[in-house]
Amino acid sequence: MRLITIAGWLLAGSTLAQAAAVATGIELAASAPQPSTSALPHPGTGADTISATDPEESANQVAFQTAISMIRQGHPDLATAMLDKLIPRLEKRHARPGRQLYCAYSQTEALSYVTQAAVAKQDALVLHANDLCDAYFFRGYAYVDLGNPDAAEADLKRAIGMAPNNPHYLSEMGEFESRRHDWAAAMGYYERARDAATPYAPEDAKVSELTRALRGIGYVDVELDKLDEAEAMYRRCLELDANDQKAQRELEYVLNLRAQRVGPGQ
């Protein structure tokens, strides 16, 4: 059995993921804690524990944060150029022949990948606080801004392939498909995001990820002229978060659209 390095982000009193890892030989690892650059914090589990003073890790962090800053400042071309160099370095750091990489953002998400790998008898590394998945995710986001949908799709799907229970990634893919007016595909991703939000999102992101997915489902319902279903989605969002202004605006749009169809006095 391979050496198990228990990730520091696992709760001290909780042993589910640890026990599953030990029983199956799936590796758990943690890298140095780092600030989140997406809506979710960085989580996961894997084999190589990385020191907070690791110079390579520090250099990668600087490159990653700079790339994200470039995206936010409206320079997706510069961001993709940086991520083109960073991603191979991150892959080399963790990839092995035949190894499946995962990124988890909560203990329950990590446990789901440990279980999935065990069932598949898969050599797997579940990463914590690692930028590899986010590097693919943000490069895909930058490719959208650059008008390169094929490259964007490939990167977003690569991120989802390593974090299939990540509601943030799934909702982003739903938005991508919505922009292409592929309503069936968009609905599929939003529903996956909805189903993943409560069990797998970190505690402080559960409501925001769930409402984002529900708003996405509502948006597709409107496009498919399913106003009753859309209304139900937006009202559910407001039950979860009374301050959800996006859901409130969309609900008002649905109600106004229905009123216009009925006509005055009817």
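General remarks:
- The helices (runs of 4 or more DSSP H) falling completely within region 62-160 that include 3 or more residues that are among the charged types (D, E, K, R) and not assigned by TED's automatic domain parsing to the domain that holds His181 map to 76-94, 132-145.
- Single residue of Lys157, Lys226 found to be farther than 25 Å from Gln100 by Cβ and either hydroxyl-bearing (Ser, Thr, Tyr) or free of Cβ contacts under 8 Å to residues at least 24 places away in the same chain (or both): Lys226
- The set of residues in region 56-70 that are among the polar types (S, T, N, Q) and modelled with pLDDT under 85 contains only Ser58.
- Members of region 99-108 that are farther than 23 Å from Glu209 by Cα and either modelled with pLDDT under 90 or of a type in the set (S, T, N, Q) (or both): Gln100
- A single entry from Ala185, Ala154, Ala201 fulfils the requirement of being buried (at least 18 other Cβ atoms within 10 Å of the Cβ) and aliphatic (A, V, I, L, M): Ala201.
- Criterion violated by Arg180 - all others in (1) within 13 Å of the chain's Cα centre (by Cα); (2) surrounded by fewer than 17 Cβ atoms within 10 Å (Cβ to Cβ) satisfied: (1)
- A single member of Thr49, Thr45 is touching a Ser or Thr at 6+ places or on another chain (Cβ under 6 Å), modelled with pLDDT under 85 and surrounded by 14 or more Cβ atoms within 10 Å (Cβ to Cβ), and it is Thr49.
- Condition met for Arg258 (modelled with pLDDT under 95 and either among the hydroxyl-bearing types (Ser, Thr, Tyr) or in contact with a helix residue (DSSP H, G or I) (Cβ under 8 Å, 6 or more places away or on another chain) (or both)): yes
The values are calculated or read from the model by the stated rules, or taken from the named source; none is laboratory data. Just so it is clear, the structure is predicted and the values come from calculations on it, not from any experiment. Glycine gets a Cβ as well: all are built from the backbone with ideal geometry, and neighbour counts include every protein chain shown.
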